Each structure stands twice: as structure tokens, then as C-alpha cells.
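Reviewing the structure listed below.
Please treat every number below as a calculation from the coordinates, not as lab data. As the structure is a computational prediction, the values presented were derived from the model and not from experiment. No Cβ is skipped: glycine too gets one built from the backbone with ideal geometry, and neighbour counts run over all protein chains shown.
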């Protein structure tokens, strides 16, 4: 009987240490922040057009299955979209609003997770474009705030996974624009 009690105490201690470790890691100063860059062998105007076209977004952002314009017209400050994405079999809905444009160099946006309360988040992101000898350096920067205890606790795991997804999406965009 003693070994059972000791085993249970050990399991509880390991779980406590894991939760405490995740909580500590989530308190770091750059929590929820990442940046990823790629060089695209296309002019800056071509890359900018691809970033501001919802139909093109469905081609290069993995998991996106639907994009609905919530505001009419071309992409401009205040434009809003509803994006439906599947990640690891889970449906994620988000409303995205363009908060700043400086064509063809900068797009800033805010995305808010809507629907399932267990996966709520707010993302403050930007696409920066820089022309380098006829090519375009495309940098994505994101600051994600996870809402709810579980997602906030899992931030040290979620943020690197989202960064890798975005880096893969950048490669997809590069391949599409370069005709590969």
C-alpha cells in the first residue's frame, strides 16, 4: 500500500512541476512573440498583391478553407475578413481587421479568435516587405495573446508551433510566386 501512495504522490508532484514549469516559461518577456523572414525572387509589388488578396491567401496559408469579406471593396484600413481554418482537425474561426497599410511595404492586422471559447486569442501581426535587388524580403511578425487558462499555460508550446506553421506558409507563398 505504501508504494501506491508514494506512486500517487510522485505523479502529482510531476504534474505540478510540469504545470509550474509551463507557467514560468509563459512569463518570459517575449511570450507569444515571433518573427520569420524569407526572400522571394519576385518584385515587391507582386508579393504585396498576394498578401492583400483574400483568394491568394487561401492558396498560401495552410489550413484556410474559407474567407468571407465582412466589408466590401478592396483591402484598405478597416477592411475585415472572417477566416475559417482547420489546424490538426480543429476548426478555428477568426475575424481579421487591417489596422495599417503602407503599400507596398507594410500590412498590419489584428486577428481575434471567435466561436469556440476554449481557443480564444488575439493576434497583432504585420507583414513587412523590403525590396532587395529586385527581390523581396518578406518578414512576418506576430504577437499572440492567448485567452483562457489552458491556452495561456500552453503558450510556450503553442507559439513555436504557430511560428513553424507561418514559416511553412511563407515557403508556400514563395513557391507559388516563383512558379515552383
Pair residue 132, residue 84: separation of 7 Å Cα→Cβ label points (nm): 3.8 nm
Stretch gain in nm, segment residue 49-residue 31, where the contour uses 0.36 nm per residue and the Cα spacing is subtracted: 3.4 nm
Length released on extending from residue 9 to residue 102, taking residue separation times 0.36 nm less the Cα-Cα span: 27.7 nm
Gap separating the Cα centres of the stretch 34-74 and the stretch 117-168, nearest whole Å: 15 Å
Net length gained if the chain between residue 91 and residue 71 were fully extended (0.36 nm per residue, minus Cα distance): 4.9 nm
Alpha-carbon Rg with Dmax, taken over the stretch 31-177, Å: 14.9, 47
